[in-house]
Amino acid sequence: MTTGFDFLVRRLRLRHLELLPALAETGTLRAAAGRLHLSQPALSKMLREAEEALGARLFERTRQGVQATAAGLAAVHRSRVVLSELAHAHREAGALRSGASAVLRVGTFSVTAAVPAAVVRLRQAMPGAAVHLHEGRVRELAQRLLEGELDCVFGALTPELLASDWLASLQHELLLPDRLCVLAAESNPLQRRRRLRWTDLRTAAWAAPPRDTLVRQAFMAAFLNEGLDPPEPVIEAMSSVTLGAVLRLDPALLCAARQEHVREEVARGGVRLFTRRSAVAQTPVVQAFARAIREVGQAGGRAGRGA
């Protein structure tokens, strides 16, 4: 097969990039042809062209259909990234035509105090910027970042992310320190105690997020590190708004919270900004957003010291 980047650029078309994810997702030539409104012979010809352009076999035929090779899986991922970038370029061009100066796509926790404040600061520094917030969990958001659907992700560096192969493809920067805190109503008797240890809190009634969240994992680890069995929360909810509401309504409850949101939720370690590793420098709007996050953290620190 003839190889080389110049050859690839001359031979590969956007239609080829559409073909590869369609084949991987449907698993058969017939289904992929139907999705792309092509005949099977035309689709087979396109697949041969893509394999020739990339210099590798991308799919193997099986009795059940087709299965991507290692090279095919890599090509499918890159095709999705390119198509996502093109879709973003199209939407961004539309936004710029409508008067925006820049478009920022941010992935973030479903509840966070820093991001709304940072968005306001960003808009003050870049009044024409349009910001699209995509809320979810860090793993899901990291996947979307790698596929080109997001420009950056603001979130915690979770143990799951540390153990994944994705970390080598992500660059991250610590923006805000964070630690586990305990919230109690002013009328709770524990508020009168000067020094509290986790052993003093194991019999309390707790409200906490679900087990698969970083908040709950940090909560459980705090007790386990002291050789204690973590208490089972009497109220479990994802939303920090809900947890805050039950805490105000029932002063006997305790609630785990993270410093970044004592104001809202728990995390361990720091809160970071993730972007894809690339030879291309971060866009000015991503850099401006990172500056805004730092400013929010600094302002919060000054407010905390003055309290």
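Some notes on this structure:
- Each residue of region 139-148 is assigned a 3J(HN,Hα), and the resulting list reads 4, 4, 5, 5, 4, 5, 5, 5, 8, x Hz, derived from the Karplus form 6.51 cos²θ - 1.76 cosθ + 1.60 (θ = phi - 60°), x at Gly and Pro.
- Gyration tensor verdict on region 1-92 (Cα atoms; rounded if a/c is under 1.5, prolate if a/b is larger than b/c, oblate otherwise): oblate
- Rounded to whole Hz, the Karplus (6.51, -1.76, 1.60) HN-Hα couplings of region 286-296, x for glycine and proline: 5, 4, 5, 5, 4, 4, 5, 4, 4, 4, 4
- Each distinct pair of alpha carbons in region 64-148 adds a 1/r term; the inverse of their mean, the Kirkwood radius, is 15.1 Å.
- Amide H within-cut-off set for A130, under 5 Å, with H built and near neighbours excluded: S101, A102, V103, L104
- Here the Karplus relation 6.51 cos²θ - 1.76 cosθ + 1.60, evaluated at θ = phi - 60°, turns the backbone of region 30-39 into coupling constants of 5, 5, 5, 4, x, 5, 8, 6, 10, 7 Hz, with x for every Gly and Pro.
- Heavy-atom surface of region 18-113, accessible at 1.4 Å and reported per residue (Å²): 52 Å²
- Taking every protein chain into account, the accessible area of region 131-239 amounts to 56 square angstrom per residue (probe 1.4 Å).
- Gain on full stretching of the segment that runs from A204 to R139 - 0.36 nm per residue minus C-alpha separation: 20.2 nm
- Amide proton proximity set for V66, modelled H, under 5 Å, gap of 5+: T28, L29
- Amide H contacts of A237 (H built 1.01 Å from N, under 5 Å, at least 5 apart or other chain): A208
- Taking a sphere under 14 Å around the Cβ of H90 and counting the other residues whose Cβ falls inside, with K and R at +1 and D and E at -1, yields a net charge of 0.
- Stokes-Einstein diffusion of region 174-258 at 37 °C, 0.692 mPa s viscosity, Kirkwood radius from Cα pairs, rounded to a whole number: 247 µm²/s.
The values are calculated or read from the model by the stated rules, or taken from the named source; none is laboratory data. Given the structure is predicted, the values throughout are model-derived calculations rather than measurements. All Cβ positions, even for glycine, are placed from backbone atoms using ideal geometry, and neighbour counts span all protein chains on display. Accessible surface is based on the protein model in full, side chains and every heavy atom, while ligands, DNA and RNA are left aside. Shrake-Rupley method; radii C 1.70, N 1.55, O 1.52, S 1.80 Å.
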